[in-house]
Structures are given as C-alpha cells and as structure tokens.
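Worksheet: one structure, shown below.
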Amino acid sequence: MTDTLAAILLGILEGLTEFLPVSSTGHLILATELLGFNQDDWEVFNIAIQPAAILAIVVLYWRTFWDVAKGLLGFEKGALSFVGNLLVAFFPAVLLGLAFGDVIQAMLGNAVLVCWSLIIGGFAILAIERWANPPAEGPGVAGVPLRTAVLIGLVQCLAMIPGVSRSGATILGAMAFGVDRKTAAEFSFFLAVPTLSGATVYQMAKHATALTTRDFELIAIGSVVGFVTALVVVKLFVAVVTRIGFAPFAWYRIIVGGAALAWLSLR
C-alpha cells in the first residue's frame with residue numbers, strides 16, 4: 001500500500017471516529033498495526049490530522065462560536081459561562097499531559113492496551129446507559145454547573161489511555177453527572193477544540209524539525225479527508241444518540257476490541 005493511500009484511509013478513520021465514543025487514537029493505532037506500518041513513523045501524522053476534525057466542529061457550529069465571541073465582547077453571562085466551563089474542563093488535561101507526557105507517549109504504541117481499553121470501555125458505556133438517568137433536555141453548555149464542568153474535565157483525562165475515547169469519556173461522564181444527551185455531546189465537541197489543538201501544537205513543536213516535505217503532504221491529504229468525513233459523522237451522531245443512545249457503540253467497541261485482541265495473539 002502506498003503512503004498516499006494509507007494517509008487517505010487513516011484520514012477517513014480519524015473523521016469517522018474522533019467524535020464517536022469508540023476512540024480515534026485507538027483505531028489509528030490498530031489500523032497502522034493492521035497495515036503493517038511502523039507506529040513511530042505514523043505517530044506524528046495521527047496527531048497532526050486532528051485539527052481537521054476540530055475545523056469540522058467550528059464549521060458545523062459556527063453560529064454558536066460567533067455568538068459566544070460577540071457575547072464575550074459584551075461580557076454577557078452566557079458567553080462567559082460557556083468559555084469558563086470549557087476552560088475549567090480543559091485544565092486537568094493540561095496538568096496531567098505536562099506531568100506524564102512521557103508515560104502517555106509510551107502507551108501510544110501498545111496495541112494490546114488499546115484492545116482492552118475498547119472492551120472495558122464498551123462495558124462501562126453499557127453500565128452508564130443502564131443506570132444513568134439524564135434529563136431529556138438541558139440548558140446547553142453554558143448552563144452546565146461549574147462543578148460538573150470540572151468533573152467532566154477530570155473524566156476526560158482517562159482518554160490519555162489509548163482506546164478509552166476522549167469523546168466517550170466526556171459524553172458518558174457528563175451524562176453520569178446529570179447532563180442531558182445533547183448537551184453532553186456538544187460539550188464534548190466544543191471541549192475538543194482546546195484539548196486537541198493543545199495536544200497537536202505540543203506534539204508538532206516537539207517533532208517539527210524531523211518532518212519532511214513528504215510528511216507535510218501526507219498530513220495535508222489526511223487532514224482534508226478527515227475534515228470532510230467528520231462533517232458528515234458529527235451530524236449523524238447527534239441524531240443517533242438522541243434517539244437510540246450509546247449501546248450500539250458499546251457493542252461495537254467490545255466486538256472490535258475482542259477481534260483485534262484475538263488477531264494480535266495469533267500473529
């Protein structure tokens with residue numbers, strides 16, 4: 001398989017999985033393992049294409065971001081609460097990321113860990129779906145209590161373990177703390193903007209001198225494909241979870257994790 005085709009496939013995978021509770025990082029690690037590529041060679045690529053998914057959120061929710069920007073200029077309470085909630089939820093990931101960056105980096109090449117994280121996370125989703133009782137409607141991201149935003153941020157840190165899923169941890173965590181499904185999903189989407197942007201800038205700064213022109217070409221290809229794919233997936237995801245919940249994603253995680261674990265053991 002050529003590098004260009006691999007970049008396209010990984011871009012599609014990033015766009016499909018970044019905002020679903022199935023772990024985009026885990027899928028990218030398993031995909032590179034399945035394709036027989038060196039994890040180290042594609043590690044920066046997998047991180048560098050994340051801003052494409054972020055851009056999809058900005059495009060889809062441009063009116064929300066515009067309204068918040070205008071509200072901040074006028075010191076409106078809703079806009080200040082919106083940004084404040086995202087910042088306090090983002091802060092725990094910054095602290096842990098800086099403190100344990102090397103440990104997190106080492107885990108990114110562990111495909112077996114990804115498999116177990118997918119399986120355990122799938123059962124965790126089923127448990128939360130069964131016992132959590134979120135309201136049918138909520139006040140939106142700006143209306144989430146500050147304490148709940150902090151708790152969501154702490155839960156997001158679990159996603160530093162590859163295979164856990166950042167979106168899954170934040171969405172299901174929010175629901176467990178009494179946030180309605182739609183608000184939980186949107187909180188996760190918006191929280192991805194500072195979280196993924198920060199992680200990408202940090203990693204690109206670390207590896208910038210090692211990147212070649214060809215690397216940047218592949219990143220550009222993967223980013224375009226990931227952006228287009230994410231645009232479609234996010235819209236469908238919100239419609240699906242508000243109607244039928246997260247159980248299908250949980251079973252998907254369990255099946256994929258189990259199948260991948262069996263495949264890895266037989267290689």
Inspect all residues belonging to region 174-193 and state whether any of them is of a type in the set (A, V, I, L, M, F, W, C), closer than 20 Å to Pro145 by Cβ and open to solvent by 50 Å² or more (accessible area, probe 1.4 Å). yes
Going by the conditions given, is Phe82 surrounded by 15 or more Cβ atoms within 10 Å (Cβ to Cβ), out of contact with any strand residue (DSSP E or B) (no Cβ under 8 Å at 6 or more places or on another chain) and closer than 16 Å to Ala199 by Cβ? no
From Ala69, Ala79, Ala53, residue being modelled with pLDDT under 90 and small (Gly, Ala, Ser): Ala53
When you scan region 1-59, how many residues do you find that are among the aromatic types (Phe, Trp, Tyr) and more than 19 Å from the chain's Cα centre (by Cα)? 1
What number of residues within region 206-231 satisfy the criterion of being at pLDDT 90 or above and open to solvent by 70 Å² or more (accessible area, probe 1.4 Å)? 3
Within region 17-26, is even one residue modelled with pLDDT under 90, more than 18 Å from Phe190 (Cβ to Cβ) and of a type in the set (Asp, Glu)? no
Which of the residues belonging to region 241-260 are under 27 Å from Trp62 (Cβ atoms) and surrounded by 14 or more Cβ atoms within 10 Å (Cβ to Cβ)? Val241, Phe246, Phe249
Segments classed as helices (runs of 4 or more DSSP H), wholly inside region 119-213, with at least 3 members that are among the β-branched types (Val, Ile, Thr) and in contact (Cβ under 8 Å) with a residue 12 or more places away in the chain: 146-156, 181-207
I need a count of the residues in region 8-30 that are open to solvent by less than 20 Å² (accessible area, probe 1.4 Å) and assigned to a helix (DSSP H, G or I). 10
Looking at region 85-98, is at least one residue over 22 Å from Leu172 (Cα atoms) and β-branched (Val, Ile, Thr)? no
Hey, can you tell me all the residues within region 241-264 that are at pLDDT below 85 and either touching a Lys or Arg at 6+ places or on another chain (Cβ under 9 Å) or on the phi > 0 side of the Ramachandran plot (or both)? Val241, Thr242, Gly245
Note on region 122-155: residues open to solvent by 50 Å² or more (accessible area, probe 1.4 Å) and over 15 Å from Thr183 (Cα atoms) are Phe123, Arg130, Trp131, Arg147, Val150, Leu154
Criterion violated by Gln203 - all others in (1) more than 26 Å from Cys157 (Cα to Cα); (2) open to solvent by less than 30 Å² (accessible area, probe 1.4 Å); (3) modelled with pLDDT under 80; (4) not β-branched (Val, Ile, Thr) satisfied: (1)
Just to be sure I understand the filter: pairs with C-beta atoms under 8 Å, separated by 6 or more residues or on different chains, first member in region 219-245 and among the aromatic types (Phe, Trp, Tyr), second member open to solvent by 20 Å² or more (accessible area, probe 1.4 Å) and at pLDDT 85 or above. Which pairs pass? Phe227/Leu55; Phe237/Leu20
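The values are calculated or read from the model by the stated rules, or taken from the named source; none is laboratory data. All of these numbers come straight from a predicted model, not from anything done at the bench. As a convention, Cβ positions derive from the backbone with ideal geometry for all residues, glycine included, and neighbour counts pool all protein chains shown. We work out accessible area using only protein heavy atoms, side chains counted, and drop any ligands, DNA or RNA first. Shrake-Rupley method; radii C 1.70, N 1.55, O 1.52, S 1.80 Å.
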